[in-house]
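What follows draws every value from the coordinates through simple rules; no lab data is involved. Just so it is clear, the model here is predicted, and its values are computed rather than measured. Neighbour counts are summed over all protein chains in view; Cβ atoms, including those assigned to glycine, are modelled from backbone coordinates with ideal geometry.
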Amino acid sequence: MIDLLPTSLPDVVLVRPKHHEDARGFFSETFRAEWFPGLTFVQDNHSYSRLRHTIRGLHYQRPPLAQAKLLRVISGRIRDIAVDLRRDSPTFLQHVAIELAASSGEQLLVPTGFAHGFVTLEAETVVLYKTTTYYSEEHDCGIAWDDPLLAIDWGGIDDPIVSDRDSAHPPFDPGESPFTIGATR
């Protein structure tokens, strides 16, 4: 069983699986396909960050290989970011920032039509996530993590660690968005 909790962006959902605890620890079902009708996850990804304040993102894939993602932290803690890139959405270019921690077991469902990224809040952070399409280098896109148009609050980080690839992403051009509501797959 799970609870699906809305965020400030209605299509981004916080997923709270039930934990069954006793003196030994806990047990939790973390995924069942029936919890996500209309979504078929086809790929699992594993991200490990050695250092605190590592930024990964902002990433998305263009249609027809746009991806929804279901993320969870299995070690450490992150500030997870989802940005609405759907041109006709009432929340176009708005973002939500959600803290996910291994200790809570919460997950975040980021639908297609959103850019995604996160910053690690602890060293030795491990994130696992499922995607609804396979990775495609040809469809892979990114947005500058510090794009002033998006004004993302990464949590007051003074010393971000960003890969060369993510540092090279351009600012987002709203007129170039490939997404609309309902036409993101």
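Couple of notes before you dig in:
- For region 7-60, a Kirkwood hydrodynamic radius built from all Cα pairs, placed in the Stokes-Einstein relation at 37 °C and 0.692 mPa s, yields a translational diffusion coefficient of 217 µm²/s.
- Hydrodynamic radius of region 63-144 per Kirkwood, over alpha carbon pairs, in Å: 13.5 Å
- Sum of side-chain charges, His95 neighbourhood, beta-carbon under 12 Å (Lys, Arg +1; Asp, Glu -1): -3
- Using only alpha-carbon positions in region 107-153, the gyration tensor eigenvalues give semi-axes of 19, 18, 11 Å once each is multiplied by 5 and square-rooted (largest first).
- Extension gain, Ser163 to Leu51, is 39.1 nm, computed as 0.36 nm per intervening residue step minus the present C-alpha separation.
- Cα→Cβ-extended label distance, 7 Å offset, between Ser75 and Asp44, nm: 1.6 nm
- Net charge contributed by nearby residues that have their C-beta within less than 11 Å of His169 (K/R +1, D/E -1): -4
- Of Ile157, Ile98, Ile143, the one that fluctuates the most in a GNM where the chain has Cα springs shorter than 10 Å: Ile157
- Each part reduced to its alpha carbon centroid, region 80-108 and region 110-183 end up 11 Å apart.
- Using only Cα coordinates, the Kirkwood hydrodynamic radius of the chain works out to 16.8 Å.
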